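Report on the structure given below.
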Amino acid sequence: MSQSLADRLNKIEKYNHSKLLKNSLTGLEKESLRVNPEGNISQLPHPGVLGSALKNPWITTDYSESLLELITPPCERAYKSLDFLLDVETFVYQHLNDELLWTSSMPCVIRGEDDIQIANYGKSNAGKMKSVYRQGLAVRYGKMMQVIAGIHFNYSVPVDFWPAFQEIDNEQDKELQTFIDERYMAMTRNIQRFGWLIPYLFGSSPAICKSFLAGVPKPQSMDVFEDYTYYERWGTSLRMGDIGYTNHKEDKRGIKANYNSLDKYIDSLRCAINTPHEEYQKIGLKDGDKYLQLNTNILQIENEYYSSVRPKQVLNGFEKPTDALEKRGIQYVELRSVDINSFRPAGLTHKQLYFLELFMLFCLLRESPEIDNQEAKEIDENQALVAHKGRKPGLVLSRKGEGIPLKLWANELFDEMLGVANILNSIHDEVCYVATLEAQRDLVKDPDKTPSAKVLRDIINKDGSYYSFAKRKSEEHRDYFLKRKLREDIEKKFELAAEESIKQQGQLEAEDKLDFDIFLQKYFANELDE
């Protein structure tokens, strides 16, 4: 029988289990476009001084050669992950010459898809596979959607907490990893149910540059400002809306990830990966000797399925994500819906991180029934509605087939979160978790204080365009990072990681003797050594 949030919180305190939550782990992944001084996407290759994008654990690229991705290790406190992110971005900026990192989720001026160079990971089979996968995304969805940037928040509770959680739920007879998987999947369902809160509170992309639509007529709901800026009057996060990266083609064909259990999640993704797609078959696998995509199925690989949340397991070698989950279960959960905060050099704040940590734990501890078809539809509709109209006065969302005002629902959730915030305050001897909860209440009470509202005000009252706003903030943040001083040992750590990653890539390429066609066949047949 499902335990209620109140019951679980009471037992956590009664049995003195709260201390077991102290060492929860968080990690960050931040994407940022490199742009030239004029604000156009950089056409230069990934800087060699930053190491190998294939092998550097902290500095890599995402879709395009110019889309940097900065990664932190798992840290015991959320603020430590932000400190690491600041350090690694400082190192990057101080080796970029005159380039900027675009401090907004929506890209800068794009002069057509030729501006967007697919990321190059070298001559190894692993590197080629990453590039071909990205080429597949290009022919399936176009390149524009692939240069939208965001921040991913990775979270896991300490391993010592799980046996205590089993005791709280009176499920000690269940295999531990099975229990962990069930609770993490319950967590992902709640993140989807309540995930509309994140773009409302932290969305920072209510506007785009006209060039992003590449000549396609703008949606009717969008307004035009000074010819080159399109925006949603009440928008919060267009990145998470209908013009962002989605898998609409898959949804129309009935392929949608099932989060009601880990087995169903794995099966639903495997179905998409192994089901041929007529449209992609028409594109073809190759053009001569050049691969156009990894395969012609609905999904090339698991990562192609876009979602605001993913259950994750660290991969061993060439292991597939679904295989890793099947073998070892869920290790952590990745929240993918956080916009880059244009007003902060790192793209987010300590206050945001405290709330995200609180939100994730709340979603884990709260009861979480399975998601039926009606609720799945409501989840998608609520996210789109908040992304495009989240600050609209009196906005009504859908919950269990009935309308509920966004403000009322948000405040109900904040009331429920208070008990979790009190526990986090207690175990860390802090006041920050309750304080950040109250700060988010204020954003719900007054939508004009949200980051998205501030972005629009600056665009309209100060900068005159989305491009000018984002370029100004990017230059401000560049100046911040160029003035920042790294400790000598930290700088040396990043230098050594870059040098070692280049050596590792060279060694991999020298040892890689397998023909790429055979490599792909073996990869999809699970015949590669881990």
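Taking region 211-234 as the range and being of a type in the set (Phe, Trp, Tyr) and assigned to a strand (DSSP E or B) as the test, the residues that pass are PHE225, TYR230, TYR231.
Scanning region 496-530 for residues that are without any contact (Cβ under 8 Å) to a residue 12 or more places away in the chain and in a helix (DSSP H, G or I) returns LEU496, LYS503, GLY506, GLN507, ALA510, GLU511, ASP517, ILE518, GLN521, LYS522.
Might you check whether a residue that is under 21 Å from LYS80 (Cα atoms), surrounded by fewer than 18 Cβ atoms within 10 Å (Cβ to Cβ) and in contact with a Pro (Cβ under 9 Å, 6 or more places away or on another chain) occurs anywhere in region 345-367? No: zero hits. Within region 366-383, the presence of at least one residue that is assigned to a loop (DSSP other than H, G, I, E, B), modelled with pLDDT of 95 or more, among the hydroxyl-bearing types (Ser, Thr, Tyr) and farther than 28 Å from ARG472 by Cα is confirmed. The residues in region 454-493 that are under 18 Å from VAL92 (Cβ atoms), crowded, with 19+ Cβ neighbours inside 10 Å and in contact with a Pro (Cβ under 6 Å, 6 or more places away or on another chain) can be counted, and the count is 1. When LYS143, LYS128 are screened for being among the basic types (Lys, Arg), under 21 Å from the mean Cα position of the chain (by Cα) and farther than 23 Å from ASN10 by Cβ, only LYS143 passes. The listed residues are GLU38, GLU65, and the only one of them that is of a type in the set (Asp, Glu) and modelled with pLDDT of 95 or more turns out to be GLU65. On inspection, SER426 fails the criterion of being polar (S, T, N, Q), touching a strand residue (DSSP E or B) at 6+ places or on another chain (Cβ under 7 Å) and assigned to a helix (DSSP H, G or I). Of the residues making up region 118-147, those that are at pLDDT below 95 and not in a helix (DSSP H, G or I) number 2. Within region 446-495, the set of residues being polar (S, T, N, Q) and in a helix (DSSP H, G or I) comprises SER452, ASN461, SER468, SER474.
Quick check, is GLY390 surrounded by fewer than 15 Cβ atoms within 10 Å (Cβ to Cβ) and either free of Cβ contacts under 8 Å to residues at least 24 places away in the same chain or touching a strand residue (DSSP E or B) at 6+ places or on another chain (Cβ under 9 Å) (or both)? Spelling it out, it is not the case that GLY390 is surrounded by fewer than 15 Cβ atoms within 10 Å (Cβ to Cβ) and either free of Cβ contacts under 8 Å to residues at least 24 places away in the same chain or touching a strand residue (DSSP E or B) at 6+ places or on another chain (Cβ under 9 Å) (or both). Residues that are within 20 Å of the chain's Cα centre (by Cα) and not charged (D, E, K, R) are absent from region 6-18 altogether. When region 121-142 is limited to residues that are among the small types (Gly, Ala, Ser) and more than 13 Å from PHE519 (Cα to Cα), the one that is surrounded by the fewest Cβ atoms within 10 Å (Cβ to Cβ) turns out to be GLY142. Inside region 1-109, counting only strands (runs of 3 or more DSSP E) that do not spill past its ends, which hold 1 or more residues that are among the polar types (S, T, N, Q)? Where strands (runs of 3 or more DSSP E) fall fully within region 1-109 and carry at least 1 residues being among the polar types (S, T, N, Q), they are 25-35, 59-61.
Out of curiosity, is PHE225 among the hydrophobic types (A, V, I, L, M, F, W, C), surrounded by fewer than 20 Cβ atoms within 10 Å (Cβ to Cβ) and touching a residue at least 12 places away in the same chain (Cβ under 8 Å)? Yes. For the condition within 24 Å of TYR467 (Cα to Cα) and modelled with pLDDT of 95 or more, THR72 does not qualify.
The values are calculated or read from the model by the stated rules, or taken from the named source; none is laboratory data. All values reported here derive from a predicted model rather than from experimental measurement. Virtual Cβ from ideal backbone geometry, glycine too; neighbours counted across all protein chains shown.
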